[in-house]
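Novice: Structure provided below as structure tokens; questions to follow.
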Amino acid sequence: MDDPLLTARELVRERFPAAQAAFLAGSVLTARRTPASDLDIVVLLEGPPAPYRENLLYRGWPVELFVQTEASWHDFADQETAKRESPLLAMCLEGTLLVDPNGLGASLRAEARRRWAEGPPALSDAERNYQRYILTDLLDDLRGCANPAERVYLVSHMLQRASELALLTGGHWLGGGKWLSRRLAEADPGLHRALTEGVTNAVAGQADDFAEAVAEVLNRAGGPLWDGYAIR
């Protein structure tokens, strides 16, 4: 396939000649690139048809388009920030500017950098306690689980929950799928390694190491919570 950067620039010129800014982001420009990597392109237009999202094939490349106006960019960034996970900020912060005729792209990149450095909203006490309760309950379920199929689902769910709580306790952004792994590996390599290496044995019924890693996450968040927990 053609060079991803050149291909992305040509796509933007062809489909969005009036683009106010455009970014190419994702794994395709990094050492994590694989044969399945796609072109993640954020495009800023002055108005309609933005905002919209579209998947397509272009010159052999799978492409994901995230087409915004300046106003909708801010709206989406606010919505994602409230969820403590913002692919849009990350793409504009880490991506390569393809076009930027009036400086809007540079401005949005600076804002993305500032907001990302500030981190996600902190957990409230109620949110933190709920996450502690859920993970404590799951840990108890795992210790008593004798069904191999159920154990697979428990461990998978616990890995996600524990990773998310660890990130939020440390003031770090969340991520989905592979990005959850990447965010935790960057924030806390030792904990990431303990959780991921413990998964295989836990699924096989030898859950001590995995349970210990999960317990460490709980301790950092304030400790296990079950007896006496209430929602009023």
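The values are calculated or read from the model by the stated rules, or taken from the named source; none is laboratory data. Small disclaimer: the values here were computed from a predicted structure and weren't measured. With ideal geometry, Cβ positions are generated from the backbone for all residues, glycine too; neighbour counts draw on all protein chains shown. Areas reflect the complete protein model, heavy atoms only, side chains present, ligands, DNA and RNA absent. Shrake-Rupley method; radii C 1.70, N 1.55, O 1.52, S 1.80 Å.
Novice: In whole percent, how big is the carbon plus sulfur part of the accessible area of the range 75-154, probe 1.4 Å, protein atoms only?
Specialist: Looking at the range 75-154 in its full context, I get 50 percent from C and S.
Novice: Given a 10 angstrom Cα cut-off, can you work out which residue in Val28, Val99, Val217 is the most mobile in a GNM of the chain?
Specialist: Judging by the Gaussian network model, the answer is Val28.
Novice: If I ignore ligands, DNA and RNA and count only protein heavy atoms, how much of Tyr229 is accessible to a 1.4 Å probe, in Å² to the nearest 10?
Specialist: Surface open to solvent at Tyr229 totals about 50 Å².
Novice: If you count only protein heavy atoms with a 1.4 Å probe, what accessible area per residue comes out for the chain, rounded to a whole Å²?
Specialist: Counting only protein heavy atoms, the per-residue value for the chain is 52 Å².
Novice: Counting alpha carbon pairs within less than 8 Å and at least 6 residues apart, what relative contact order, in whole percent, applies to the chain?
Specialist: Contact order relative to length: 16 percent.
Novice: A follow-up question, please. Report the GluC sites (Glu not before Pro) located in the range 2-78 that are in a DSSP loop and have at most 15 other Cβ atoms inside 10 Å of their Cβ, or state none.
Specialist: Passing both the DSSP loop test and the Cβ count: Glu46.
Novice: Further question on the same structure: Using heavy-atom solvent-accessible surface (probe 1.4 Å) with all chains present, what is the largest-first order of His172, His74?
Specialist: Accessible-area ranking of His172, His74, largest first: His172, His74.
Novice: Once you've got the GNM for the chain with C-alpha springs shorter than 10 Å, pick whichever of Leu104, Leu184, Leu44 has the biggest mean-square fluctuation.
Specialist: Leu104
Novice: What number, rounded to the nearest 500 deg cm²/dmol, is the helix-based mean residue ellipticity at 222 nm of the chain, given -39500 (n - 2.57) per DSSP H run of at least four residues and division by all its residues?
Specialist: The per-residue figure over the chain is -17500 deg cm²/dmol.
Novice: Using a 7 Å offset from Cα along Cα-Cβ at Glu127, what residues in the range 50-87 end up with backbone N under 11 Å from the label point?
Specialist: 81-85
Novice: Still on this structure, please answer the following. What residue among Trp179, Trp73, Trp116 shows peak mean-square fluctuation when the chain is described by a Gaussian network model with Cα springs under 10 Å?
Specialist: Between Trp179, Trp73, Trp116, it is Trp179 that shows the largest mean-square fluctuation.
Novice: Another question, if that's okay. Between the helical axis of 178-187 and the dominant principal axis of the chain, each derived from Cα atoms, what acute angle in degrees is found, rounded to the nearest 10?
Specialist: So the helix axis and the longest Cα principal axis differ by about 70 degrees.
Novice: Tell me, in nm to one decimal, what length is gained between Asp75 and Ser37 on full extension, where the rule is 0.36 nm per residue of separation less the Cα-Cα distance? List each step's numbers first, then the result.
Specialist: Details: separation 38, 0.36 × 38 = 13.68 nm, distance 2.76 nm.
Stretched out fully, the Asp75 to Ser37 stretch lengthens by 10.9 nm.
Novice: Please give the helix 104-118 orientation as an angle from the longest Cα principal axis of the chain, in degrees from 0 to 90, rounded to the nearest 10.
Specialist: Value to nearest ten degrees: 10.
Novice: Could you work out how much longer the chain between Glu64 and Tyr153 gets when fully extended? Use 0.36 nm per residue separation minus the Cα distance between them, nm to one decimal.
Specialist: 29.0 nm
Novice: Which of the trypsin sites (Lys or Arg not before Pro) across the range 103-151 are loop residues per DSSP, with 10 or fewer other Cβ within 10 Å?
Specialist: Numbers: sites: Arg109, Arg113, Arg114, Arg115, Arg128, Arg132, Arg143, Arg151; in loops: none.
Passing both the DSSP loop test and the Cβ count: no residue.
Novice: So, in nm, how far is label Leu5 from label Leu57 when the simple model puts each one 7 Å beyond its Cα toward the Cβ?
Specialist: 2.7
Novice: Would you please name the trypsin sites (Lys or Arg not before Pro) within the range 42-93 that are DSSP coil residues with at most 16 other C-beta atoms within 10 Å of their C-beta? Walk me through the numbers before you get to the answer.
Specialist: Working: sites: Arg53, Arg59, Lys83, Arg84; in loops: Arg59, Lys83, Arg84.
Passing sites in the range 42-93 are Arg59, Lys83.
Novice: Next up: Enter the angle in degrees (range 0 to 90, nearest 10) between the Cα long axis of helix 70-82 and the first principal axis of the Cα atoms of the chain, meaning the one along which they spread out most.
Specialist: So the inclination is approximately 10 degrees.
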